[in-house]
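Novice: Structure in structure tokens, see below.
No value in this document is a laboratory result; all are computed from the given coordinates. Everything quoted here is computed from the prediction, not taken from an experiment. Cβ placement follows ideal geometry from the backbone for every residue including glycine, while neighbour counts extend to all protein chains displayed.
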Amino acid sequence: MNRLQNELKRIDHRGYPAYKDLKGSYDFVKYTLNIEHVQGDPFASPSSLSVSINGKTAGFPKNYYDEYHRRIALEDFILRRFSMAVSKISFKAKGSGKSGMVSASQPGQEIMERSACHVDENTGEVLFRFVVGFPARGRSIDAGELEKILFRLLPDAVEKSGIFKLFKEQEKSKLREQIELADDQKELRRVIQEKGFTAFIADGSVLPRESGVSQKPMKNAVLFKSPESMQVSFDLPHKGKITGMGIKKGVTLIVGGGYHGKSTLLQTLEKAVYPHIAGDGREYIVTDATGVKLRAEDGRSVADEDISLFIRNLPNGKDTTRFSTLDASGSTSQAANTVEALEAGSRLFLIDEDTSATNFMIRDELMERVISADEEPIVPFIKRVEQLYEQKGVSTILVAGSCGAFFHVADTVIQMDRYIPKEITKAAKQVAAEYPLKMKDDDTKIELDEGRKVRLPKADDRTKIKVMGTDGFLYNKTNVDLRYLEQITDAEQMLAISKALEYLIRKYGGKETMIRTLIDDVEGLIDTKGVSALTSRGSVPNMSKPRRFEIAGCINRFVK
């Protein structure tokens with residue numbers, strides 16, 4: 001501390017670059033302050049800092065971080081406290097540009113691993129990463145204002161967030177509840193797999209969100225109530241008995257009138273691949289963690305993908321076993337998206353009719369009579385959906401509002417009526433029998449190219465990445481458009497995806513490599529060393545852990 005104060009006095013009023021002399025670690029008795037990266041001027045991206053509190057001082061109970069799911073729940077809880085605390089001290093120090101800015105990651109409704117906070121699974125050491133705008137007057141150092149941040153404002157935020165004995169009893173109780181919720185969520189995810197379900201929605205859950213730009217629960221929303229025929233109960237370690245709707249593996253169709261909650265239910269299931277915080281309304285909703293939302297994506301690039309399962313015999317003679325295009329149509333893009341999800345290991349497809357290519361999904365009897373199946377290059381999804389489950393164990397949950405053909409192939413039919421689900425499988429099948437589905441049989445054996453290779457470009461000496469929210473990012477001058485990967489949670493996850501791409505380019509650039517090798521490598525790195533390991537150029541304080549499916553989606557849209 002004394003050394004840092006002396007350094008601040010020495011560089012006061014000097015040119016802004018002299019701040020770089022502060023890089024290093026400083027002992028603040030209860031924690032260590034690490035100044036890792038110093039911004040070049042007061043208008044540049046703020047400086048990166050971290051604080052580490054040794055396990056003995058932090059004092060969190062060992063059973064709060066001895067298993068991965070509990071550790072992530074603990075990290076999430078204390079990070080939210082730290083983020084709120086530093087937001088209260090932000091800009092209390094004044095100056096030009098970003099002077100006085102103090103900011104840490106602000107998690108959304110999902111609980112996931114983030115680079116902004118880490119608890120060592122062995123020692124219990126706590127690490128917070130955050131950014132600070134080093135104060136300046138014009139372009140000269142204002143050391144007094146930085147001293148105010150580091151010595152007067154920051155210590156209280158650090159200690160009250162990362163030292164367990166300083167928590168009030170009510171806060172300790174809330175933390176214990178979050179750890180117990182994590183236990184229950186893990187058990188719920190395990191048991192639905194064991195019992196043959198692909199998703200579960202607890203009674204009393206709140207599905208609608210506050211607005212299109214807010215993921216907080218809608219006030220006074222209709223609470224979820226499972227139909228008796230689909231109602232199941234499980235015993236959880238802490239909550240005890242929980243009841244709700246279990247969606248069995250296979251083909252599930254969700255129908256109903258407009259604005260009755262079909263898409264809301266599907267969107268809920270899309271997000272339930274992640275656990276949610278208490279009070280979110282979706283705490284006890286789980287979906288198979290490999291679930292992937294599929295849709296049409298006009299204009300995306302496709303590189304050497306085998307889409308012959310759905311597209312074949314193109315009139316121009318183009319080979320659909322190694323299909324490439326810089327401007328895919330709705331049907332070819334959805335075919336590529338489907339095959340790529342299979343390739344990455346998905347066991348559940350989530351599909352909304354509204355965002356799908358009609359000719360990819362279905363061909364009615366009249367069209368098949370006029371244009372025979374032999375003359376149509378597209379094999380519609382309806383002919384493959386049962387095969388996907390029977391041959392590959394891949395389930396499908398599909399929302400349909402206007403096409404009744406899927407009644408014939410659905411194992412379960414759910415009608416949403418004013419946000420309340422009703423199971424109508426038997427009635428739907430009886431009506432469907434009056435309208436036979438006449439399609440030419442197709443007994444294709446589904447085979448995947450397990451060894452498909454891509455070639456990433458060679459690495460540049462310097463890489464610039466600019467994240468654009470959840471829409472994508474700029475990789476140097478290349479726009480990587482990921483806006484239709486709808487399960488990307490936030491800009492922090494997008495940043496991690498961009499860093500994963502950078503890591504792979506540095507390691508495999510210029511060489512043909514199997515796509516599975518690439519995504520296995522990244523996933524293995526994150527699982528063993530954490531999401532922070534995606535970058536070798538110092539810590540990045542604001543990344544959240546991505547899934548293998550979104551990483552694969554990024555690679556497949558990036559390669560040409």
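Novice: Given labels modelled 7 Å from the Cα in the Cβ direction, how far is it in nm from ARG418 to LYS219?
Specialist: With each label point 7 Å from Cα toward Cβ, the separation is 2.3 nm.
Novice: Taking only DSSP H segments of four or more residues, each worth -39500 (n - 2.57), what value at 222 nm results for the chain once the sum is divided by all its residues, to the nearest 500 deg cm²/dmol?
Specialist: Calculated at 222 nm, the ellipticity per residue is -9500 deg cm²/dmol.
Novice: Give me the one-decimal nm value for the distance between modelled label points at LEU314 and GLU368, 7 Å along each residue's Cα-to-Cβ direction.
Specialist: Between LEU314 and GLU368, the simple spin-label model gives 2.5 nm.
Novice: Counting only the backbone N, which residues of the range 43-87 are under 11 Å from the spot 7 Å out from the Cα of LYS477 toward its beta-carbon?
Specialist: none
Novice: Once Rh is set to the Kirkwood radius over Cα pairs, what Stokes-Einstein translational diffusion coefficient, in µm²/s, holds for the range 351-506 at a temperature of 4 °C and a viscosity of 1.567 mPa s? Walk me through the numbers before you get to the answer.
Specialist: Working: Rh = 19.5 Å.
The diffusion coefficient I find is 66 µm²/s.
Novice: Pull up the cross-link candidates among the lysines for LYS168, meaning alpha carbon to alpha carbon under 16 Å and not fewer than 8 places away within one chain.
Specialist: LYS160
Novice: Pick out, from GLY261, ILE89, GLY299, the residue whose Cα sits farthest towards the positive end of the charge dipole of the chain, with +1 on the Cβ of Lys and Arg and -1 on the Cβ of Asp and Glu.
Specialist: Result: ILE89.
Novice: Work out from phi, with θ = phi - 60° and the Karplus expression 6.51 cos²θ - 1.76 cosθ + 1.60, the ³J(HN,Hα) of each residue of the range 125-142, listed in order in whole Hz, and give x for Gly and Pro.
Specialist: Running phi through 6.51 cos²θ - 1.76 cosθ + 1.60 with θ = phi - 60° gives 4, 10, 10, 10, 10, 7, 10, 9, x, 5, x, 8, 9, x, 10, 10, 5, 10 Hz.
Novice: Quick one: check the C-alpha center-to-center distance for the range 8-24 versus the range 123-180, whole angstrom.
Specialist: Centre-to-centre distance over Cα atoms comes out at 22 Å.
Novice: Could the peptides 343-349, 385-391, 430-436 be put in order, highest first, of the mean number of other beta-carbon atoms found within 10 Å of their residues? Let's see the in-between values first.
Specialist: Values: 343-349: 21.6, 385-391: 16.9, 430-436: 11.1.
With the highest mean Cβ count within 10 Å placed first, the list reads 343-349, 385-391, 430-436.
Novice: So, one more: List the trypsin sites (Lys or Arg not before Pro) within the range 1-50 that fall in a DSSP loop (any state other than H, G, I, E or B) and whose Cβ has at most 15 other Cβ atoms within 10 Å.
Specialist: Taking the range 1-50 and a limit of 15 other Cβ atoms within 10 Å, the loop trypsin sites (Lys or Arg not before Pro) found are ARG14, LYS23.
Novice: On to the next question. I need the calculated FRET efficiency for the pair LYS453 and LEU326, taking r as the beta carbon distance and R₀ as 22 Å, to the nearest 0.05.
Specialist: FRET efficiency, LYS453 to LEU326: 0.70.
Novice: List the residues, sorted by chain then number, that are 5 or more residues from HIS37 or on another chain and whose placed amide H is less than 5 Å from its amide H.
Specialist: SER48
Novice: Are any of the pairs LYS174/LYS216; LYS88/LYS186; LYS249/LYS445 more than 23 Å apart by Cα-Cα distance, and if so, which?
Specialist: Pairs exceeding the cut-off: LYS88/LYS186.
Novice: Where a ≥ b ≥ c are the square roots of the eigenvalues of the C-alpha gyration tensor, would you call the range 272-427 rounded, which needs a/c under 1.5, or, failing that, prolate if a/b is larger than b/c, or oblate?
Specialist: Details: a/c = 2.19, a/b = 1.41, b/c = 1.55.
Oblate is the answer for the range 272-427, as a/c is 1.5 or above yet b/c matches or exceeds a/b.
Novice: Follow-up. Please list, or write none, the lysines whose alpha carbon is within less than 19 Å of the alpha carbon of LYS507, excluding same-chain residues fewer than 8 places away.
Specialist: Counting by Cα, and skipping residues close in sequence, LYS507 has these lysines nearby: LYS453, LYS458, LYS464, LYS499, LYS529, LYS560.
Novice: What shape does the range 172-251 take by its C-alpha gyration tensor, where a ≥ b ≥ c are the square roots of the eigenvalues and a/c under 1.5 counts as rounded, a/b above b/c as prolate, and the rest as oblate? If you can, show how the numbers build up before the last one.
Specialist: On the way: a/c = 1.84, a/b = 1.08, b/c = 1.70.
Taking the square roots of the gyration eigenvalues as a ≥ b ≥ c, the range 172-251 is oblate.
Novice: Here's something else I'd like to know. For the chain, would you read off the P(r) tail past 39 Å as a percentage of all alpha carbon pairs?
Specialist: 35 percent
Novice: Straight-line reach only, C-alpha to C-alpha below 13 angstrom: list the aspartates and glutamates that LYS92 could link to, leaving out same-chain residues fewer than 8 apart.
Specialist: Qualifying aspartates and glutamates at Cα under 13 Å: GLU145, GLU147.
Novice: If r is the Cβ-Cβ distance from LEU437 to SER229 and R0 is 25 Å, what FRET efficiency results, to the nearest 0.05?
Specialist: 0.55
Novice: Let me understand the range 1-135 better: what is its radius of gyration from the alpha carbons, and its Dmax, in angstrom?
Specialist: Using the Cα atoms of the range 1-135, the pair Rg, Dmax is 16.2, 49 Å.
Novice: Let me ask something additional. Please give the contour-minus-distance gain from MET1 to GLN106: 0.36 nm per residue of separation, less the Cα-Cα distance, rounded to one decimal in nm. Please list the in-between numbers first.
Specialist: On the way: separation 105, 0.36 × 105 = 37.80 nm, distance 2.84 nm.
Extra length available between MET1 and GLN106 comes to 35.0 nm.
Novice: Output ³J(HN,Hα) for the range 261-270: one whole-Hz value per residue in order, computed from phi by the Karplus curve 6.51 cos²θ - 1.76 cosθ + 1.60 with θ = phi - 60°, and x for Gly and Pro.
Specialist: x, 4, 5, 4, 5, 5, 4, 4, 5, 4
Novice: Can I ask one more? Can you work out the Karplus-derived ³J(HN,Hα) for every residue in the range 455-468? Use 6.51 cos²θ - 1.76 cosθ + 1.60 with θ = phi - 60°, whole Hz, and x for glycine or proline.
Specialist: Rounded to whole hertz, the list is 10, 7, x, 5, 6, 8, 5, 10, 10, 10, 10, 10, 7, 10.
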